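Enquirer: The following block contains the structure, expressed as structure tokens.
Please treat every number below as a calculation from the coordinates, not as lab data. Remember, it's a predicted structure, so these values are computed and weren't measured experimentally. Backbone-built Cβ (ideal geometry, glycine too); neighbour counts: all protein chains shown.
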Amino acid sequence: MSKMTKLNNGNQIPTLGYGTFRSPESDNLSACVKTAIESGYRLIDTAAIYENEASVGKGINEAISEGIVSREELFITSKVWNDHTTYEETLQAYEEALKKMQLDYLDLYLLHWPGLDNDNDFIPQWQALETLYKEGKVKNIGVCNFHVHHLEKLLAVAEVVPAINQIELNPLQSQKKVHSFNIEKGIQTEAWTPLVNGEILENKTLQTIASKYNKTTAQVILRWQIQTNVITIPKSLTPSRIKENIDIYDFELTADDILLIESLNEDGHYGPNPDHFDFGR
Ligand SMILES: NC(=O)c1ccc[n+]([C@@H]2O[C@H](COP(=O)([O-])OP(=O)(O)OC[C@H]3O[C@@H](n4cnc5c(N)ncnc54)[C@H](OP(=O)(O)O)[C@@H]3O)[C@@H](O)[C@H]2O)c1
């Protein structure tokens, strides 16, 4: 079972969750969401742009109706996409997400991308998220892909400090600067593409560490993240990997292991760099 950590508003969030990017609508996805919940995941992460909210919601609702879990035990996240940039459009996007997922509320609603500085402003989107939060329609609100300068711009006007900043974070991109700034401001860091989409799992340094603990390289990466106060949301459509990825609460990396993992950092971007990404805005 995933452990919990506290957000800046006192609410709890699981330290590890189930990601669903590149997982199109299908009965298989619903079944995988259910497998994840049966395996102890309580956080499920989706987004409007993944175009899978209906199947994700179906898996969640089946798990609830079959008595595997209660709604209150789950922590469900979705994100407003870049084509809903006004205040009104953002409110509407939230209602659409609930309808597709067949849920009454989300535990976390995230602003997906900040956009370019001279492009559409993210402040109206954020103010809509604040309204949803203040009206009790969503339990927590946050952002994704915010660099320090984006956060500074947001915090200068925000009435609610984001609970989460979900960023690309993995051994090739340790994100020290943003993670430290998040900590300073009481914002919880959450890692996307934590496993570099499976492309770093043959790395020799990771393999050496993994063999010490009789764990896999994926488990070592995920353990490194939770030990460094980063929530992580690996995605898999393979039941054995879904179970493997949450089986990380029975070993502890040493400070030297952590230094070795962090020596792999290249400050690169596997996904888009938020400073240059205006897709859809
Ligand atoms: N906020 C954002 O902008 C943003 C951007 C990207 C992603 N995200 C979120 O973050 C989640 C995770 O990121 P991601 O899906 O991009 O990448 P990821 O979790 O780093 O990697 C997923 C890939 O790794 C494979 N994999 C998973 N566990 C494995 C294991 N134990 N051994 C070997 N291979 C394994 C999966 O294969 P199989 O599925 O074939 O098992 C899949 O191809 C997403 O699903 C999404 O929810 C957010």
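Enquirer: Taking the alpha-carbon centroid of each part, what is the distance from region 212-281 to region 164-191 in angstrom?
Expert: For region 212-281 versus region 164-191, the Cα centre distance is 12 Å.
Enquirer: Right, next: Loop by DSSP (not H, G, I, E, B), at most 14 other beta-carbon atoms within 10 Å: where is the longest site-free stretch of the chain for GluC sites (Glu not before Pro)?
Expert: It works out to 67-134.
Enquirer: Output wanted: per-residue J couplings in Hz (rounded whole) for region 170-179, from phi through Karplus 6.51 cos²θ - 1.76 cosθ + 1.60, θ = phi - 60°, x for Gly and Pro.
Expert: With coefficients 6.51, -1.76 and 1.60, one gets 7, x, 7, 9, 7, 6, 3, 5, 5, 4 Hz.
Enquirer: Using 0.36 nm per residue, how much length does the chain from residue 68 to residue 38 gain when fully extended, once their Cα-Cα distance is taken away?
Expert: Extra length from residue 68 to residue 38 when fully extended: 10.1 nm.
Enquirer: So for the pair residue 208, residue 157, with labels modelled 7 Å out along Cα→Cβ, what separation do we get in nm?
Expert: 5.0
Enquirer: Give me the percent of DSSP beta bridges within region 1-93 that run antiparallel, rounded to the nearest 5.
Expert: In region 1-93, approximately 35 percent of DSSP beta bridges are antiparallel ones.
Enquirer: Hey, can you grab everything whose amide H is under 5 Å from the amide H of residue 232? Only 5+ residues off in sequence or another chain; H modelled, so Pro and N-termini drop out.
Expert: Those lying under 5 Å, H to H, from residue 232 are 16, 17, 191.
Enquirer: Just need the relative contact order of region 178-261 here, percent rounded to a whole number, with Cα pairs under 8 Å and 6+ apart.
Expert: Averaging sequence separation for qualifying contacts and normalising by length gives 32 percent for region 178-261.
Enquirer: Still on this model: In units of 2.2 N^0.38 Å, what is the alpha-carbon radius of gyration of the chain?
Expert: Scaled against compact globular proteins, the figure is 0.95.
Enquirer: Amide H of residue 140: which non-local residues (sequence gap of 5 or more, or other chain) have their own amide H closer than 5 Å, using H built in the peptide plane?
Expert: 108, 109
Enquirer: Taking θ as phi - 60°, what are the ³J(HN,Hα) couplings along region 44-60 by the Karplus curve (6.51, -1.76, 1.60), each to the nearest whole Hz, with x for Gly and Pro?
Expert: After applying 6.51 cos²θ - 1.76 cosθ + 1.60, I find 10, 10, 9, 6, 4, 5, 6, 6, 9, 4, 5, 5, 5, x, 5, x, 4 Hz.
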